[in-house]
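The values are calculated or read from the model by the stated rules, or taken from the named source; none is laboratory data. Just so it is clear, the structure is predicted and the values come from calculations on it, not from any experiment. Using ideal geometry, Cβ is built from the backbone for each residue, glycine included, and neighbour counts are taken over all protein chains shown. Side chains included, ligands, DNA and RNA excluded: accessible areas come from the protein's heavy atoms. Shrake-Rupley method; radii C 1.70, N 1.55, O 1.52, S 1.80 Å.
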There are 2 protein chains.
Amino acid sequence: MVDESDLRRGNQTANALFGNAASVLVGDFLYSRSFQMMVSVGDMRVMQILADATNVIAEGEVLQLLNCHDADIDEENYLRVIRYKTAKLFEAAARLGAVIGGGTPEQEEAMAQYGMHLGTAFQLIDDVLDYSGNSNETGKNVGDDLAEGKPTLPLLYAMKNGAPEQAAAIREAIEFAGLAQLETVLKAIRETGALQYTREQARREIAIAKAALDALPDTKHKSALIQLADFAVDRNF
Amino acid sequence: MVDESDLRRGNQTANALFGNAASVLVGDFLYSRSFQMMVSVGDMRVMQILADATNVIAEGEVLQLLNCHDADIDEENYLRVIRYKTAKLFEAAARLGAVIGGGTPEQEEAMAQYGMHLGTAFQLIDDVLDYSGNSNETGKNVGDDLAEGKPTLPLLYAMKNGAPEQAAAIREAIEFAGLAQLETVLKAIRETGALQYTREQARREIAIAKAALDALPDTKHKSALIQLADFAVDRNF
């Protein structure tokens, strides 16, 4: 409903199938059910972490909306949006593992750092796959972000480092959110190495995430977190 | 957005002014902010009451949606919807007053009963005003519920007690949600005394609500609750 789209990952959306009313109201019901599940844990600190995360995520979604069609967004602003809308959820999830598991304050902070940098890397790779993924594997079409006028890092980098006519084409694509410029934009992304640059930023985030785990004892759980971090940056879907 | 309407109480809706995306996302932000405010009270029982109430309210909204265009709803089913979608919120609010104020378990139950019956009466009167209110006072147009095919008590009563051709017209209006039958429906409501009947049900609820307050000491706060109950059933807006 947010993007008034009838299709998602090749399937009809709930609002296309059941209408706006059922989609919103059943969504509210699911939200309230998850609220009950949070309460059932019976820990006020858990509630606080989830409330604060939910608030930041909602703020991130609004920020992203404000950034749409704005070709003058800089990398710092882009990173803020993905820290808010995506990384905060990973951070809260990882932090809660430490809280519920009875970790020390240092371990809790380490887990929060791990989650935050993992989530940032995850979103960076998501933005890479939007321009390079195989739609059979990702379930998304190349250029979906462009069609919404989202100024993601691959675009920002290609605009900054491409030829003037390439930069102009990318700017036009962001501002008018059309796919008319898609071939030109893809060529600029290839020629500037924008996806390699974005993957490199993701690898830096993953390195920080893994370093944060030094605060935890060596267990099979820690190994799993390390594997998850490596997977997040190497994935193709 | 739920009813895909451009106007509410004579003003343009948020989705008409700002689009679906901003309306949903800013709504999510407000919801998350209220979640933070609940957490700030620091009382797990408050969270539980609010989580359970939110869940029932969401369920009530879905139930109401399922009942739309169904002329075979009975009075019991109608009452369940308003207990869920409206009265539960009043019940939770009144109960929380007792919880936060440190009332006894008996006082808490009494307040919950007060809220539940007050909320039921409030919604019954709302449904009366939909067919009789002055749109300058209520901010709604006569027949808004009919236009959505909502089988409210005034309609159910008039259908049951009106002449066969009146019952048929009301059934058609509910099932096809048109205002073509509005004049016939309003005449049936007048002739059967459906609004008086509905107001009478509201008065019964208010009497139960006020009786529940016997469990509380006589204070100016109790007087205010009694005045509120009387106002809810006598209001014209």
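So which lysines pass the test for B:Lys88, namely a Cα distance under 20 Å, with those fewer than 8 places away in the same chain ruled out?
Cα-Cα hits under 20 Å: B:Lys150, B:Lys210.
Roughly how much of B:Met111 is accessible, in Å² to the nearest 10, using a 1.4 Å probe?
30
If amide hydrogens are placed 1.01 Å from N in the peptide plane, which non-local residues have theirs closer than 5 Å to the one on B:Arg8?
Those lying under 5 Å, H to H, from B:Arg8 are B:Thr13.
Any idea what Rg and Dmax come out to for the protein assembly as shown if you just take the C-alpha atoms, in Å?
Spelled out, the Cα radius of gyration and Dmax of the protein assembly as shown are 27.7, 80 Å.
If I fit a long axis through the Cα atoms of helix B:14-41 and take the longest principal axis of the Cα atoms of chain B, what angle between them do I get, 0 to 90°, rounded to 10?
Approximately 30 degrees, to the nearest ten.
Looking at A:Leu182, A:Leu96, A:Leu129, which one has the Cα that reaches farthest to the positive end of the dipole of the stretch A:74-210 (charges on Cβ: Lys, Arg +1; Asp, Glu -1)?
A:Leu96
Please work out the Cα center distance from the stretch B:198-225 to the stretch A:111-188, rounded to the nearest Å.
61
Using a Gaussian network model of chain B whose springs link C-alpha atoms within less than 10 Å, name the residue from B:His221, B:His117, B:His69 with the highest mean-square fluctuation.
In the Gaussian network model the winner is B:His221.
Run the label-point distances for A:Gly10 please: 7 Å along Cα to Cβ, every other copy, nanometres, shortest first.
A:Gly10 label point versus its equivalents elsewhere: 5.3 nm.
Using only the alpha-carbon atoms, what does the stretch B:1-41 span along each of its principal axes? Please give whole angstrom values in decreasing order.
The Cα atoms of the stretch B:1-41 stretch 37, 21, 15 Å along the principal axes, largest first.
Assuming R0 = 30 Å, can you tell me the calculated FRET efficiency for the pair A:Glu200 and A:His69, based on Cβ-Cβ distance, to the nearest 0.05?
0.65
Quick one: angle between helix B:182-192 and the longest Cα principal axis of chain B, in degrees between 0 and 90, rounded to 10, please.
Orientation of helix B:182-192: about 70 degrees from the principal axis.
If we hang a label 7 Å off Cα along the beta carbon direction at A:Val41, how far is it from the matching labels on the other copies, in nm, shortest first?
Here the equivalent label points are 2.0 nm apart from this one.
Could you give the size of the charge dipole of the stretch A:6-88 about its Cα centre, using +1 on the Cβ of each K and R and -1 on the Cβ of each D and E, expressed in debye and rounded to the nearest 20?
In total the dipole reaches around 460 debye.
Go through A:Ala22, A:Ala194, A:Leu146 and say which Cα lies farthest out towards the positive end of the charge dipole of chain A; charges sit on Cβ, +1 for Lys and Arg, -1 for Asp and Glu.
A:Ala22
With a ≥ b ≥ c taken as the square roots of the eigenvalues of the C-alpha gyration tensor of chain A, please select rounded if a/c is under 1.5 and otherwise prolate if a/b is larger than b/c or oblate if it is not?
oblate
Which GluC sites (Glu not before Pro) in the stretch A:1-73 sit in a loop by DSSP (not H, G, I, E or B) and have at most 14 other Cβ atoms within 10 Å of their own Cβ?
Those satisfying the criteria are A:Glu4.
Suppose a student asked you for the relative contact order of chain B, using Cα pairs under 8 Å spaced at least 6 residues apart; what percent would you report?
The value is 20 percent.
How far is helix B:44-67 tilted, in degrees, relative to the longest principal axis of the Cα atoms in chain B, given as a value from 0 to 90 rounded to the nearest 10?
So the inclination is approximately 10 degrees.
I need the inter-copy label distances for B:Glu75: point set 7 Å along Cα to C-beta, values in nm with one decimal, smallest first.
Distances to the matching label points in the other copies: 7.2 nm.
How big is the dipole moment of the stretch B:42-234 about its Cα centre under a simple scheme where the beta carbon of each Lys and Arg is +1, that of each Asp and Glu is -1, and everything else is neutral? Debye, nearest 20, please.
400
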